[in-house]
Every structure is written in structure tokens, then in C-alpha cells.
Amino acid sequence: MRLWENAWAGVPFLQSDAETRRIVCTTNAIESANGDRQPSAALAQQERRGHALRG
């Protein structure tokens with residue numbers, strides 16, 4: 001356990017309080033889920049132009 005603690009001791013995120021870490025991790029998870037559901041702007045633009053890859 002000490003090896004792990006020493007390896008991660010310099011990471012500022014881990015020095016934040018538990019509530020801040022929870023909010024950041026929750027926000028990242030929500031953004032990731034939304035990103036999976038929404039096509040990228042570049043793909044949407046290609047589809048409007050008729051250049052989307054068909055798969």
C-alpha cells in the first residue's frame with residue numbers, strides 16, 4: 001500500500017477532498033455518456049454533405 005501511496009502522492013486531483021473528487025468523476029462520466037450518444041460535429045457535417053462513410 002505504501003508503494004501505491006508514494007507513486008500517487010504528487011497527483012493534485014487526489015489531494016482534493018472526497019466531495020470534489022466525486023463531483024469531478026460524476027461529471028466526467030456524464031460527459032462520456034453524452035459523447036457516446038451524440039455524433040461528432042465533423043461526422044454530422046460529412047453526413048450533410050453526403051460524404052459519410054457507410055459501414
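The values are calculated or read from the model by the stated rules, or taken from the named source; none is laboratory data. Just so it is clear, the model here is predicted, and its values are computed rather than measured. Cβ coordinates were reconstructed from backbone atoms using ideal geometry, including for glycine residues, and neighbour counts include every protein chain displayed.
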| query | Which of the residues spanning region 38-55 are modelled with pLDDT of 60 or more, among the small types (Gly, Ala, Ser) and either surrounded by 10 or more Cβ atoms within 10 Å (Cβ to Cβ) or assigned to a helix (DSSP H, G or I) (or both)? | reply | ALA41, ALA42, ALA44
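For region 1-31, how many residues meet the condition of being assigned to a helix (DSSP H, G or I), of a type in the set (Gly, Ala, Ser) and surrounded by 10 or more Cβ atoms within 10 Å (Cβ to Cβ)? Even if it seems obvious, please write down each step before you answer.
Applying the first criterion (assigned to a helix (DSSP H, G or I)) to region 1-31 yields 2-8, 12-15, 18-31.
Filter once more, so that each one left must be of a type in the set (Gly, Ala, Ser): 7, 18, 29.
Retained after the next criterion (residues that are surrounded by 10 or more Cβ atoms within 10 Å (Cβ to Cβ)): 29.
Matching residues across region 1-31 total 1.
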| task | Quick one: ARG21 ticks every box in (1) at pLDDT below 85; (2) within 21 Å of the chain's Cα centre (by Cα); (3) of a type in the set (D, E, K, R) except a single one, so which number is it? | result | (1)
